[in-house]
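Participant: Please read through the structure below; I'll follow up with questions.
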Amino acid sequence: MYSVSKVYSEDQRHSTWVFEDTETCMPVLHPTLFMLSKSGNAQSTHEKDLRAISFFYTFWERKFGHSFCYYLIANKYDLSEPISELENFFDWLCTKQHLDDIPLMKRYTI
């Protein structure tokens, strides 16, 4: 799954929030690029943005069985499917399914 954690520079003077895959312990590509583009925002904003993104990534992976980054690359960054899933994502949040570890029914596999 995914986690949001704070990383520090070697001298502990600088820090930033990172969205990482807990299986590989590596930062996730697209959220990392998004946060780098928003580097002027406050650290607390970065953390909140990444936590919100983590909910969507978890929703996507539970529903489709693969990561959202994989979907974007495999579909040449076509956003029509993710946009159509926003209502389902909102329902998923409202029913507090993001608090459970139960996978959603997979609709299809890429």
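The values are calculated or read from the model by the stated rules, or taken from the named source; none is laboratory data. Keep in mind it's a predicted model, so treat the numbers as computed, not measured. Quick reminder, even Gly has a Cβ in these numbers, built from the backbone with ideal geometry, and neighbours come from all protein chains shown.
Participant: Let me spell it out: the conditions are (1) free of Cβ contacts under 8 Å to residues at least 40 places away in the same chain; (2) within 24 Å of TRP92 (Cβ to Cβ), and VAL28 meets all of them except one. Which number is the exception?
Facilitator: VAL28 satisfies every listed condition except (1).
Participant: Separate question: Determine whether segment 41-64 contains at least one residue that is more than 9 Å from the chain's Cα centre (by Cα), within 23 Å of GLU85 (Cβ to Cβ) and either in a loop (DSSP other than H, G, I, E, B) or among the small types (Gly, Ala, Ser) (or both).
Facilitator: So far as segment 41-64 goes, no, none of its residues is more than 9 Å from the chain's Cα centre (by Cα), within 23 Å of GLU85 (Cβ to Cβ) and either in a loop (DSSP other than H, G, I, E, B) or among the small types (Gly, Ala, Ser) (or both).
Participant: Here is a follow-up. Might you let me know whether segment 68-75 holds any residue that is assigned to a loop (DSSP other than H, G, I, E, B), loosely packed, with under 13 Cβ neighbours inside 10 Å and of a type in the set (Gly, Ala, Ser)?
Facilitator: No, segment 68-75 has no match at all.
Participant: Among the candidates LEU36, LEU72, which residue alone is within 17 Å of the chain's Cα centre (by Cα) and modelled with pLDDT under 85?
Facilitator: Checking each option against the conditions leaves just LEU36.
Yes/no matrix, rows are residues, columns are (1) of a type outside the set (Ser, Thr, Tyr); (2) over 19 Å from PHE68 (Cβ atoms); (3) without any contact (Cβ under 8 Å) to a residue 24 or more places away in the chain:
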{"position": "SER3", "(1), (2), (3)": "no, no, no"}
{"position": "SER9", "(1), (2), (3)": "no, yes, yes"}
{"position": "GLN12", "(1), (2), (3)": "yes, yes, yes"}
{"position": "THR24", "(1), (2), (3)": "no, no, yes"}
{"position": "PHE34", "(1), (2), (3)": "yes, no, yes"}
{"position": "SER37", "(1), (2), (3)": "no, no, yes"}
{"position": "ASN41", "(1), (2), (3)": "yes, yes, yes"}
{"position": "GLU47", "(1), (2), (3)": "yes, yes, no"}
{"position": "ARG51", "(1), (2), (3)": "yes, no, no"}
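Participant: Count, please, the residues in segment 1-29 that happen to be within 13 Å of GLN43 (Cβ to Cβ) and not in a strand (DSSP E or B).
Facilitator: 1
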